[in-house]
1. Can you give the angle from 0 to 90° between the axis of helix 127-140 and the longest principal axis of the chain, with both taken from C-alpha atoms, to the nearest 10?
2. Any number yet on Rg/Rh for the chain, C-alpha, Kirkwood?
3. Counting other beta carbons within 10 Å of each residue's own, what order do 93, 42, 13 fall into, fewest first?
4. Just 50, 125, 33 to compare: in a GNM of the chain, with alpha carbon springs under 10 Å, which one fluctuates most?
5. What spacing in nm lies between the two simple spin-label points modelled at residue 63 and residue 30, each 7 Å away from Cα in the Cβ direction?
6. At a 10 Å Cβ-Cβ cut-off, how would you order 76, 132, fewest neighbours first?
7. Sorted from fewest to most neighbouring beta carbons within 10 Å, what does the list 86, 20 look like?
8. Please state the relative contact order of the chain as a whole percent: Cα pairs under 8 Å, 6+ residues apart?
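Values in this text are rule-based calculations from the coordinates and carry no lab data. Keep in mind that what you see is a predicted model, and the values were worked out from it rather than measured. Positions of Cβ are generated from backbone atoms using ideal geometry, with glycine treated the same way; all protein chains shown enter the neighbour counts.
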């Protein structure tokens, strides 16, 4: 995560993700974005060993997924992250899924929360994790907010 343009996750559209319409099922987009959250946790230092030892993890509180283009079997995907905001317990992240040509296929805006797994309660990020989040925040502090971030869902009235 040292450079903004580096993907957080690379993946290939799997056969089992293809639906009756011949493209990636809507739930598979959510799977890929969930995999990106898992990779973010690993890069922050919250891997399986850390979770077991410290009984600490990150939970997803809310997500807003926008489908922009179809993805097809065997297509290469990459997921880019932008940290929009954070505090001592939460991260507001924005993921963009792209194809090999850099075309945006989907976005996922998410609110993530640090959790004490023993008590199932929100808990501040451990200091070393917080330091990594702050460094990540510095990378994105001057980036414009994506158009899809903060959108509400609804039917526009004429």
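1. It works out to around 40 degrees.
2. Numbers: Rg = 16.3 Å, Rh = 16.6 Å.
So for the chain, dividing Rg by the Kirkwood Rh gives 0.99.
3. Numbers: 93 26, 42 13, 13 21.
Neighbour counts put them in this order, fewest first: 42, 13, 93.
4. Looking only at 50, 125, 33, the largest GNM fluctuation is found for 50.
5. Here the answer is 0.7 nm between the modelled labels.
6. On the way: 76 13, 132 16.
Exposure proxy ranking, most exposed first: 76, 132.
7. On the way: 86 18, 20 6.
So the ranking, lowest neighbour count to highest, is 20, 86.
8. Numbers: 257 pairs, mean separation 38.9, N = 158.
So the answer I get is 25 percent.
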